[in-house]
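Input: a single structure, listed below in structure tokens.
The values are calculated or read from the model by the stated rules, or taken from the named source; none is laboratory data. Computed from a predicted structure; not experimentally measured. Heads up, the Cβs are rebuilt from the backbone with ideal geometry, glycines too, and the neighbour counts pull from every protein chain shown. The protein model used for the area step is the full one, side chains on, heavy atoms only, and it has no ligands, DNA or RNA in it. Shrake-Rupley method; radii C 1.70, N 1.55, O 1.52, S 1.80 Å.
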Amino acid sequence: MSSVPMHRLEVVVATPAHASLGSALTYRSERALAPGTLVRVPLGRREVLGVVWGPAVETPVHEERPIAAALDGIAPLSAAWRQLVAFSASYYQRSAGEVALAALPPQLRELSPAQWQRRLTRAGAAAAAAPAEQPPDLTAEQQAALDALRRDAGPFLLFGATGSGKTEVYLRATAEALAADARAQVLVMVPEINLTPQLQQRFVARFGSAAVVAMHSGMTAPQRLKAWLAAHAGSARIVLGTRMAVFASMPGLALVVVDEEHDPSYKQQEGARYSARDLGIYRARLEGAKVLLASATPSLESWHASERGRYHRLAMPSRIGQGRLPEVRLVDMNLQPKGTAVSPQLLAAIEARIARGEQALLFLNRRGYAPVLACTACDWKSECPHCSAYRVFHKIDRTLRCHHCGFTERVPRACPLCGNLDIAPLGRGTERLEEHIAELLHATRRPDGQPVRIARIDADTTRRKGALDEQLAQVHAGEVDVLVGTQMVTKGHDFRRITLVAALNADAALFSSDFRAPERLFSLLMQAAGRAGRDATRAEASQMWVQTWHPTHPLFAALRRHDYPAFAAQELQDREAASMPPFAFQALLRAEARTQEVAQGFLRAVAEAAAQLQDASQVMVYPPVPMTVQRVADVERAQMVVESTSRKALQRFLAEWHPVLQASRVKGLIRWAVDVDPLAI
């Protein structure tokens, strides 16, 4: 009786980079399974999801276990998708299995093959909803951008002012890509979940609901699975999502659009710390697709690439409908009475807007009532016992809440140290600003004689599912006169009635130790200004107010002119002089331990070992230092910067260093992680 031939296959499973277990494990199979096939395999005492990576080539050193089952009915993941995962794992110093399995819907890991078959049966194609929207006429700038997209290969950087009609360019470019090939698919990425619904509405209106699926972490597990299957099967022609969507399985990818490409939200901050923008560019090149990056304030890396000719820059400096960008007004807070939160000039401008039936937006990037609660008689402050940070006072529920570890307590009736009853808030958050502006405007009336309506949008007021959509709908419907919010209201929203935007505490980033802080501040202020005057009939009176203690700072001079190129030129000149990115390349090694001594001791030990590596002469390893918030949830954190003027040399160094990191055993060390191209140091 002949025995059944056995196939030896390499399968990747979810193993973290710091684990000693290799990325690809070898299993036996009676069937010859194609690379990319989804399988369930035994791992220890568990059965886990894996992806067949290819035939095993190494000689077996121990008995190999059989594959439990293949998930039939799903086409294997493509070679291009596997190459994207392999590149991501290599570049960002993670295991291929960790990247691959994190990119798949969570429900894939939970369903048995029998459950799969039932799910696939239900996941038939939905009836197509016919698109109804007729596209508007294009401006000359939009037409020129689309002509260049047709003519050239890219990559493209669409440098368009806020309100210049960049979304219409995405829609037209998508329509052309889909019309050119019946199998073509388009990936559109946005930086944050709350921007997905409004853009999805635009795409559904133009292409029909059956053609568009969303992908973001706010969806339920069944929703994510359904969207992933539709994209994988090719029935979803358009995938619209946050950074996770860069790994969507799309066999017909023809166009990648990265909206607000400058946004730091595209960088994953845990696990595999990838940049979805950078991977989108790589993926487009890998699959022969076009890629369009877009922003009113491009990242300095992208701007530098367009200056060097590596990206094709498309300029759209004019707003739709002859609307102009808002006038920028600076308020010198050195001339205001001590403790002033809203200057008299700004208050008068807000009242003028209300009298005309217009809206104002006050932007303060700090939620809660006050960042600190303090005793007036002793040195007690509301420090978190588990973190090296203060707990924030939230007046609405009378709690002190740590925004790092989540530790929450009721506000004490008296000072815990001295018993003093007079404990007071220090500083101002959006909750306190909302209360303060209500006090200032209590006697002001709207044109219909009714009191002023004030709303607040931040992470605290939008916790409930659907709350953000409800609040935004109220703003759009004109049911709010003054909107108070954090940076979540400054990005991408098309508020037609807002004619005044004010930034109340913009100075914090001017003198930050993070070299990227000025770039982020300028981008944030330009984006915030872009919320004002988007309706051309009101644009002439639109204003952006900035309250600052440093009105002569060069950043504000460029902001007043809406002159991003001038700001970028100066910033790039400073970066080049200091050998900072994009003129150098960085990685960050972070360590977490029970004590700061252990964390820094680990970093020092691996730094000494790194001196012996082949490419050590081309890499600078800086001394370890505590992180800015050095303790979170009773875990001490330290970091060490690694830098080189050569990206290739840095990559070779990191690959050679990785086994050294894995082999290092330090008592008390909890975990370590490498962050390539870090956005915050």
Worksheet item: To the nearest 10 square angstrom, how much accessible area does THR628 have with a 1.4 angstrom probe?
Response: 130
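Counting Lys +1, Arg +1, Asp -1, Glu -1, what net charge surrounds CYS387 among other residues with beta carbon under 15 Å of its beta carbon?
Here the count lands on +1.
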Practice prompt. For region 523-529, take each phi angle, set θ = phi - 60°, evaluate the Karplus expression 6.51 cos²θ - 1.76 cosθ + 1.60, and give the result in whole Hz per residue in order, putting x for glycine and proline.
Written response: 4, 5, 5, 5, 5, 4, 4
Discussion item. Applying a 10 Å radius around every beta-carbon, put 78-90, 652-664 in order of their mean neighbour count, most first.
Written reply: 78-90, 652-664
Discussion item. Rolling a 1.4 angstrom probe over the protein chains, ignoring ligands and nucleic acids, what is the accessible area of HIS562 in square angstrom, nearest 10?
Written reply: 40
Fill in: Computed over region 150-292: relative contact order in percent, which uses C-alpha pairs under 8 Å that are six or more apart
29
Discussion item. For a test of understanding, tell me how many lysine pairs in the chain have Cα atoms under 23 Å apart, given they are 8 or more places apart or on different chains.
Written reply: 11
Response to the item:
Nearest-0.05 FRET efficiency for GLU608 and GLN570 at R0 = 56 Å, using Cβ-Cβ distance, is 0.90
Item to complete: Report in % the part of the accessible area of the chain that belongs to carbon and sulfur, leaving out ligands and nucleic acids; probe 1.4 Å.
Response: 52
Worksheet item: In square angstrom, rounded to the nearest 10, how much accessible surface does GLU327 have for a 1.4 Å probe?
Response: 80
Discussion item. At 0.36 nm per residue, and after removing the present C-alpha to C-alpha distance, how many nm does the segment from ASP332 to ARG561 gain when stretched out fully?
Written reply: 80.7 nm
Worksheet entry | Structure-based [θ]222 nm, the chain - -39500 (n - 2.57) summed over DSSP H runs of at least 4, per residue, nearest 500 | -9000 deg cm²/dmol
Item to complete: Show the residues, 5+ positions off or on another chain, whose built amide H is closer than 5 Å to the amide H of VAL328.
Response: MET544
Worksheet item: Amide H to amide H, which residues 5 or more places from ARG453 or on other chains are under 5 Å from it, using H placed in the peptide plane?
Response: ASP481, VAL482
Worksheet item: Projected area of the chain, taken from the Cα convex hull and averaged over every viewing direction, in nm²?
Response: 34.9
Item to complete: Would you mind classifying region 403-558 by shape? Square roots of the alpha carbon gyration tensor eigenvalues, ordered a ≥ b ≥ c; an a/c under 1.5 is rounded, otherwise it is prolate if a/b is larger than b/c and oblate if not.
Response: oblate
Worksheet item: Amide H to amide H, which residues 5 or more places from THR499 or on other chains are under 5 Å from it, using H placed in the peptide plane?
Response: GLN359, GLY533
Worksheet item: How many angstrom lie between the C-alpha centres of region 459-512 and region 33-84?
Response: 47
Response to the item:
So, relative contact order of region 252-297 in percent, Cα under 8 Å, 6 or more apart, is 56
Discussion item. Please compute the alpha carbon radius of gyration of region 515-653, then divide it by the globular-protein estimate 2.2 N^0.38 Å. Two decimals is fine.
Written reply: 1.47
Worksheet item: Can you give the relative contact order of the chain as a percent, counting alpha carbon pairs under 8 Å and 6+ residues apart?
Response: 12
Fill in: Distance cut-off 19 Å, percentage of C-alpha pairs in region 439-512 lying past it
44
Discussion item. At 1.4 Å probe radius, can you tell me the per residue accessible area of the chain in Å²?
Written reply: 44
Worksheet entry | Charge tally in the Cβ shell below 14 Å around ARG273, where Lys, Arg are +1 and Asp, Glu are -1, ARG273 excluded | +1
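Which net charge results when you count Lys and Arg as +1 and Asp and Glu as -1 among the other residues whose beta-carbon is under 13 Å from that of ARG151?
Here the charged neighbours net out to -1.
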Worksheet, complete the sentence: Percent antiparallel among DSSP beta bridges confined to the chain, rounded to 5, stands at 50
